[in-house]
Amino acid sequence: GAVVSQHPSWVICKSGTSVKIECRSLDFQATTMFWYRQFPKQSLMLMATSNEGSKATYEQGVEKDKFLINHASLTLSTLTVTSAHPEDSSFYICSARAGGTVNTEAFFGQGTRLTVV
Amino acid sequence: QQQVKQSPQSLIVQKGGIPIINCAYENTAFDYFPWYQQFPGKGPALLIAIRPDVSEKKEGRFTISFNKSAKQFSLHIMDSQPGDSATYFCAASKGSGYSTLTFGKGTMLLVSP
């Protein structure tokens, strides 16, 4: 299957600093990318959807100024957690789909474990 | 409103058994139903997916059964192995490759040796 690479796999940062997470589709053009947050033993919670070249669409309750998403190319999307606080500590996962008029497979990155101290 | 209901929440089977995980959906516009497997600390990996024009799909030891009239679909794992111990998520999507996936809450499967 297609490969989505997410980096870093884990990061520890100090409270108040910003952290950038990268998501790359390695062998297909990802028209649409999704960012999820997952708490322990829970399902994936969609944070935002981004289409290449346009602004991300955020889910209700997700602060767009805190979670900055950039999808500047068909192979790269980034999530920046700005002014991180301990409550932002979580497992963040990106996903990519090739777009199109029919449902295509969604592939996930390896996830990023963020710990804010 | 939870659009995809998954059960059971957890499941323990012996090696060689056939765990069955069930999902039910409400939105009749859904037309793509994938299953994902997730190991601790990793992202979900696509296992198998089905579209509503077929009632069953098999890939290796994994089988999806789909009942359109009942709006239900299930995952069967044949000859389960300890390495299958993971969390399984069903999902549903509608319309296109731009659409979001709606996930079930997940099932933690433990296959005992």
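Quick look at the numbers
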item	result
Among (1) among the charged types (D, E, K, R); (2) more than 30 Å from A:Glu52 (Cα to Cα); (3) within 14 Å of another protein chain (Cβ to nearest Cβ), the one test that B:Lys58 misses	(3)
Residue within segment B:62-80 that is among the hydrophobic types (A, V, I, L, M, F, W, C) and touching a residue at least 60 places away in the same chain (Cβ under 8 Å) present	yes
Options B:Phe39, B:Phe62, B:Phe30, B:Phe103: the member that is surrounded by 15 or more Cβ atoms within 10 Å (Cβ to Cβ), over 11 Å from the mean Cα position of the chain (by Cα) and of a type in the set (Phe, Trp, Tyr)	B:Phe30
Selection status of B:Ala45, open to solvent by less than 70 Å² (accessible area, probe 1.4 Å), under 15 Å from A:Phe107 (Cα atoms) and free of Cβ contacts under 8 Å to residues at least 24 places away in the same chain	yes
Subset of segment B:13-27 (residues that are part of a strand (DSSP E or B) and surrounded by 13 or more Cβ atoms within 10 Å (Cβ to Cβ))	B:Val13, B:Ile20, B:Ile21, B:Asn22, B:Cys23, B:Ala24, B:Tyr25
The lone exception for B:Ser10 - which of (1) open to solvent by 60 Å² or more (accessible area, probe 1.4 Å); (2) of a type in the set (Ser, Thr, Tyr); (3) more than 13 Å from B:Leu109 (Cα to Cα) it fails	(3)
Among the candidates A:Val62, A:Val11, residue that is of a type in the set (Val, Ile, Thr) and either closer than 29 Å to B:Val4 by Cβ or in a loop (DSSP other than H, G, I, E, B) (or both)	A:Val62
Residue count for segment B:59-111, restricted to those that are in contact with a helix residue (DSSP H, G or I) (Cβ under 9 Å, 6 or more places away or on another chain) and assigned to a loop (DSSP other than H, G, I, E, B)	1
Matching residues, segment A:23-35, being more than 9 Å from chain B (Cβ to nearest Cβ) and surrounded by 16 or more Cβ atoms within 10 Å (Cβ to Cβ)	A:Cys23, A:Arg24, A:Ser25, A:Phe28, A:Ala30, A:Met33, A:Trp35
Residue in segment B:3-52 that is nearest to the other protein chains (Cβ to nearest Cβ), counting only those that are of a type in the set (Gly, Ala, Ser) and under 22 Å from A:Gln6 (Cα atoms)	B:Gly43
Residue among A:Lys20, A:Lys55, A:Lys66, A:Lys14 that is more than 21 Å from B:Gln37 (Cβ to Cβ), open to solvent by less than 40 Å² (accessible area, probe 1.4 Å) and of a type in the set (Lys, Arg)	A:Lys66
A:His85 at pLDDT 95 or above and more than 7 Å from chain B (Cβ to nearest Cβ)	yes
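Listed here are the residues, each with its yes/no results for (1) within 13 Å of the chain's Cα centre (by Cα); (2) free of Cβ contacts under 8 Å to residues at least 60 places away in the same chain.
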{"position": "A:Gln6", "(1), (2)": "yes, no"}
{"position": "A:Val11", "(1), (2)": "no, no"}
{"position": "A:Ser15", "(1), (2)": "no, no"}
{"position": "A:Met47", "(1), (2)": "yes, yes"}
{"position": "A:Glu52", "(1), (2)": "no, yes"}
{"position": "A:Leu68", "(1), (2)": "yes, yes"}
{"position": "A:Leu74", "(1), (2)": "no, yes"}
{"position": "A:Thr80", "(1), (2)": "yes, no"}
{"position": "A:Pro86", "(1), (2)": "no, no"}
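The values are calculated or read from the model by the stated rules, or taken from the named source; none is laboratory data. Please read these numbers as outputs of a predicted model, since none were measured by experiment. Here the Cβ is made from the backbone with ideal geometry for all residues, glycine too, and neighbour counts use every protein chain on show. The accessibility values were calculated without ligands, DNA or RNA, using every heavy atom of the protein model including side chains. Shrake-Rupley method; radii C 1.70, N 1.55, O 1.52, S 1.80 Å.
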